[in-house]
Amino acid sequence: MIIVAGHIVVDPSARESYLAGCADVVEEARLAPGCLEFSVAADLIDPSRVVVFERWDSPAAVERFRGSGPDSDTTVSVVSASVAEYAVAEVRSLT
């Protein structure tokens, strides 16, 4: 399993527009083969922070989506980003 997680910093006045621009990407990702979870959401405390969380069943699934996912103009609003990809060796359910 692959997890992509982190945050993006945007101008607070542009955050709502940025998130609205991400809706198509989220919809496409959730329909992509191998996507287990895909979320882009506003941070509850910091008005400039957008949280990113993705789960994929394999590295190949991530690469297929990154190569064919929709283009987006949302990167114009990004001030900085700290997002990383993690290869998960073991999963333990908490539910």
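The values are calculated or read from the model by the stated rules, or taken from the named source; none is laboratory data. Note that the structure is a prediction, hence the values are computed from the model and not measured. A quick note on method: Cβ atoms are made from the backbone with ideal geometry, for glycine too, and the neighbour counts reach across all protein chains shown. Surface areas here come from the heavy atoms of the whole protein model, side chains and all, with no ligands, DNA or RNA. Shrake-Rupley method; radii C 1.70, N 1.55, O 1.52, S 1.80 Å.
What is the number of the single condition among (1) under 20 Å from Val78 (Cα atoms); (2) out of contact with any Pro (no Cβ under 8 Å at 6 or more places or on another chain) that Phe65 does not meet? Answer for Phe65: the failing condition is (1). Are any of the residues in region 27-47 in contact (Cβ under 8 Å) with a residue 40 or more places away in the chain, in contact with a Phe, Trp or Tyr (Cβ under 9 Å, 6 or more places away or on another chain), closer than 25 Å to Arg92 by Cβ and open to solvent by 60 Å² or more (accessible area, probe 1.4 Å)? No, because not a single residue in region 27-47 is in contact (Cβ under 8 Å) with a residue 40 or more places away in the chain, in contact with a Phe, Trp or Tyr (Cβ under 9 Å, 6 or more places away or on another chain), closer than 25 Å to Arg92 by Cβ and open to solvent by 60 Å² or more (accessible area, probe 1.4 Å).
Scanning region 14-29 for residues that are more than 14 Å from Arg64 (Cβ to Cβ) and not small (Gly, Ala, Ser) yields Arg15, Glu16, Tyr18, Leu19, Cys22, Asp24, Val25, Val26, Glu27.
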